[in-house]
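What follows is one structure encoded as structure tokens, with my remarks underneath.
Laboratory data are not the source of any read-out in this text; all were calculated from the coordinates shown. Quick caveat, the model's predicted, so the values are computed rather than measured. Virtual Cβ from ideal backbone geometry, glycine too; neighbours counted across all protein chains shown.
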Amino acid sequence: KSCQTGQISTAETAVQSHRSRDAAVQADQSKDAVQDFQQEVQADYPSLLAFLQRVEDAVIKELNKNWKSRAFDGFEVNWTDQNETVLCLHTLSYPQARDQKLQVTSVSWNATGSVVACSYGRLDSGDWSTEKSYVCTWNLDRKGLNPLRPDLVVDVPSSVMSLAFHPSQPSLIAGGLFSGELVVWDTSRREDPVIWRTGMTDDTHTDPVYQVNWLPDAKRRSPGRLLSVSTDGRILVWREERDGRLALAEGFAVVAQQIPRGAQLKKFTRGEAAVGVTSLSFSHFDPCMFVVGVEGGYALKCSTAARTLAPHRPGSSVPLRAPAELAFSPHGGPIYSVSCSPFHRNLFLSCGTDGQVHLHSLLQAQPLISLQLSKRYLFCVRWSPVRPLVFAAASGEGKYSPAAKYKIRCHKRSCFVGDVHLFDFGKSSRKPAVSIKQATGECPVYCLEFNSRHTRLLAAGDATGTVKVWQLSSDFTEQGPREMNHLEQLASEITD
């Protein structure tokens, strides 16, 4: 994209004259000189016309050939040097949470894109149901940012397993707890930020809440409704009440009859089989359609318009519906994350404990592409909000490998390669474009999120209790001229 000529030799000279004199000369041009000049510039127009007529057909043929040629498809003139650096801008952590050996379980950007929040809890083995936890926020635009001192720290009596800022109200953030509860905090209220919560009722989840989502409500002037996902097999939709409670509005249950036989199901003491839901992603094109990942390794296409009732569960205040419509080919273990493409209505990604990322089409059960990105778990996968062919995946291992042409730098500490993988289908359909080492040693990265406002930022949280904010190069944020065509080609591939 750039070239370098040989070194140009230069020299400076100066001349000083001690005597000067001005003189003016006027000469009349002779008629002979004018006549000679006119003779020099005369053209043989009849011969020129005859030549153009002879070559016209050949020139038109070549111009048409060049107009239809695809030789320069994808070529874009770039007059500036590309920045091929993935840079760690911030390394954020809360010392008290790290002292308790808490892990970052979720990260989220607020509506302005300037505030990043993380939740602390545990995703490894152990009993932490009553252990104190935290939600922390940092405003990256604030002068004097202290990476070890969050702008806001919220004490939570139970591990926070999931987090989501409101899509349009920057101060509202929802969290799902290990206890099964949902809580909504208003970060503008320093003294008592809790504004809504579910409490412990018969409607509350009986397992940890591994994902929360805000659902916009066009019919009401409220902040919207909340959706929660849990391994108790239920997907619940909550509405806020005036007394600070979140009340159950509607719900769904993934039942054993809707997935293929052989899937690993969780057995309750009363004999009921539950399909543990671990992740969910809504379509960006159809508000009724969503995809869930389950512990049995399957991804399921679901619809909020489903009318089939699930088996009645005692204590539920609303009837639960069975939303699954199609089961896709399973991973080799539980699915931890799914992500619907923001650029194509039929494409979504899934990843799990088998270390693979599957690119799926909603129109067929078999994956379009299966990528073995890690020998260990993949905990999170996210499509880029600005590049149709780019996604990121969070890995459970640290591995060194060269980073091709990309330079990876970290402020005040050395970085190696591994853990956070940036993938570009435009460059390769089999290996990451670049892999970033999040922390020293084999430290799992549990969560990551692109910033949809400041599109060059990517936040990732790990098992050491650290959130790193990475600045991506323009290669990962500037869409190519034929990128959507490439995405359509991927979506149109049919597997046997």
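Quick notes
- Calculated from backbone phi, Karplus (6.51, -1.76, 1.60) coupling profile of the range 192-197 in Hz, x at Gly/Pro: 9, x, 6, 10, 9, 7
- Residue pairs, from the table 301/468; 375/431; 375/427; 101/468; 301/437; 301/427, whose Cα atoms sit over 24 Å apart: 301/468; 301/437; 301/427
- Protection proxy ranking for 250-257, 174-181, using the average of other Cβ atoms within 10 Å per residue and placing the highest first: 174-181, 250-257.
- Charge dipole of the range 102-387 about the Cα centre (unit charges at C-beta), most positive-ward option of 148, 350, 138: 350
- Residue 189 versus residue 257: modelled label distance in nm, points set 7 Å from Cα along the beta carbon direction: 4.3
- Packing, taken as the mean count of other beta carbons within 10 Å per residue, orders the peptides 334-340, 241-247, 381-387 from highest to lowest as 334-340, 381-387, 241-247.
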